[in-house]
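Structure first, then comments.
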Amino acid sequence: MAPVTGTARGTAATAPSAEGGAAPERRPGARDLAAAERRRERRSRWYRRDVRWSPYAFVAPFFLFFAAFGLFPLLYTGWASLHRVELTAPTDMEWVGLRNFARLLGDEFFWNALRNTFTIGVISTVPQLLIALGIAHLLNYKLRGSMFFRVAALTPYATSVAAATLVFVLMFGRDYGMINWALGLAGVGPVDWQNGEWTSQIAVSTIVVWRWTGYNALIYLAAMQAVPGDLYESAALDGASRRQQFVHVTIPSLRPTILFTCVVSTIGATQLFGEPLLFNGGGGATGGADHQFQTLGLYLYEQGWVNLHLGRASAIAWTMFLILLLIGAVNWLIVRRLRKSA
C-alpha cells in the first residue's frame, strides 16, 4: 500500500470516514489567526476611540446651540452697543464708542425702569420665598395625598405666562375685578390697580409670586428631605418643639438652598418682561401711562422694537448683563463667607 502524502493526509483528515462518522475539526491556519488578530485590534482601536471621543460628541449639541443662540447674540449686542444702529438698517453702523452707555446715565426713563425693577423684585421675591418656605415645611410632614399637593404647588409654574397674566388682569380690574369686589365687601373703595404706582407694582408682583412660589417650595422640600433625621431626634430629646426645630435645625441646614433661590429669584426679577407687558393691556411696553411699572426688560423692548434704536437697546442689554454679573459676584462672596464660618 502506497504511503499517504501530506496533502492526502490533510484531505483525509477533513473527509468523512467510510463508516459515516464525523470528520475531525480543522485546525485554524496562520492566515485565520492573523485575520482574527486584526479584527480584535480593529475592535480595540474603535473602542478606544469611542471611549475617548463619545463624551465630546454627547455634549457637542449643547455647545453648538449655545454658540448659535447664546454666545453669538451676546457678542453681537456688545458690538452693536458701541454703534449707532437702527433696527430698520442693522448693517449700517456708525461707531460711537461708549456714548450709548453714557446716555443711559442721564436718561430718567432708564433710572425709572431700574428703580421699578428693584422695587418689583423686592416685593415679589421676599413674600415668594417666605411663603415657599412655609409650604415646604408643611409638605415635609407625612400628609395624606402629599403627591397631589406637590403637583398642585407646581401647577402655576407650568401655566403659560400670558394665560396667568390675563386672568390676573381681570381680577385686578378697577370696575369689575374680583379683588375690588372683595375689598368692597370689607368696606374699602375700588382701587385703580393699573394706574397707581405702588398698586400696579404690587399687582405685577402678585403674578410673579403666584407663578414661582410652588417651584421654590419644591426646591426647599427637596433640601429639607436631605436634612439628617438624627438632628431632629436630638432636638426633640432636648425638648425642642416643632417651631424650634424649624428655626434652629431646618433653617440653618437650608442656608445654601435659600441663598440659591434668592440669587435665582433676583436674576428672574431683573429680567422680568412678560408679566408687566401683558398687565399693561394694549398700552405696549410703556409700563403704564406714567411708566410706573416699566422694568428694564420693557425699557429694552421699547427702545429696540418700538423706537427701533438697536444700539441703545444693546447697551441696555449689556447693562442688565453687568448687573447679573454683579449679583453673581455677591453670591460668590456670600457663599465663600458661609463656607469659612461653617
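The values are calculated or read from the model by the stated rules, or taken from the named source; none is laboratory data. Source: prediction; values computed, not measured. Don't worry about glycine lacking a Cβ; one is built from the backbone with ideal geometry, like all the others, and counts go over all protein chains shown. In case anyone asks, the SASA skips ligands and DNA or RNA and just uses the protein heavy atoms, side chains included. Shrake-Rupley method; radii C 1.70, N 1.55, O 1.52, S 1.80 Å.
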Between the helical axis of 108-139 and the dominant principal axis of the chain, each derived from Cα atoms, what acute angle in degrees is found, rounded to the nearest 10? 60 degrees
Quick one: net charge of G97's neighbours, Cβ under 15 Å, K/R +1, D/E -1? +3
Given a Förster distance of 41 angstrom, what is the FRET efficiency for F65 paired with S241, based on the Cβ-Cβ distance and rounded to 0.05? 0.20
Which residues' amide hydrogens lie under 5 Å from the amide hydrogen of H83, considering only partners 5 or more residues apart or on another chain, with H built in the peptide plane? V96
Just subtract the alpha-carbon distance of H248 and S44 from 0.36 nm times their residue separation and send over the number in nm, one decimal. 67.7 nm
Give me the 1.4 Å probe accessible area per residue for the chain, excluding ligands and nucleic acids, in Å². 64 Å²
SASA check, K340, accessible area w/ 1.4 Å probe, all protein chains in place, rounded to nearest 10 Å², comes out at 150 Å²
What nm value, rounded to one decimal, do you get for the distance between T159 and K142 when each label is placed 7 Å out toward the C-beta? 3.3 nm
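Given C-alpha coordinates of region 233-342, what is the ratio Rg to Rh with the Kirkwood estimate of Rh? Please list the in-between numbers first.
Working: Rg = 21.0 Å, Rh = 17.1 Å.
Reported Rg/Rh (Cα atoms, Kirkwood Rh): 1.22.
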Just to be sure I understand the model, the point goes 7 Å from the Cα along the line to the Cβ. What's the resulting E197 to W111 distance in nm? 1.3 nm
Say each of V151 and V51 gets a label point 7 Å from the Cα, pointing the same way as Cα to Cβ; how far apart are those two points in nm? 4.5 nm
Okay, helix-only estimate at 222 nm for the chain: each DSSP H run of n ≥ 4 adds -39500 (n - 2.57), divide by all residues, round to 500 deg cm²/dmol; what do you get? -22000 deg cm²/dmol
Report which label in (1) 64, 35, 22; (2) 30, 25, 19; (3) 33, 22, 20 holds the value of semi-axes √(5λ) of the Cα gyration tensor in Å derived from the coordinates of this structure. (1)
Compute the projected area of the convex hull of the Cα atoms of region 173-270, averaged over all viewing directions, and report it in nm² to one decimal place. 9.2 nm²
Rounded to whole Hz, the Karplus (6.51, -1.76, 1.60) HN-Hα couplings of region 79-86, x for glycine and proline: 5, 5, 5, 9, 10, 8, 9, 9
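Using mean Cβ contacts within 10 Å as the protection proxy, how do 93-104, 299-310 order, highest first? The partial results should precede the final answer.
Values: 93-104: 14.3, 299-310: 19.9.
Those peptides, ordered most packed to least, come out 299-310, 93-104.
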Specify the inter-centroid distance of region 78-127 and region 160-178, based on alpha-carbon positions, in whole Å. 29 Å
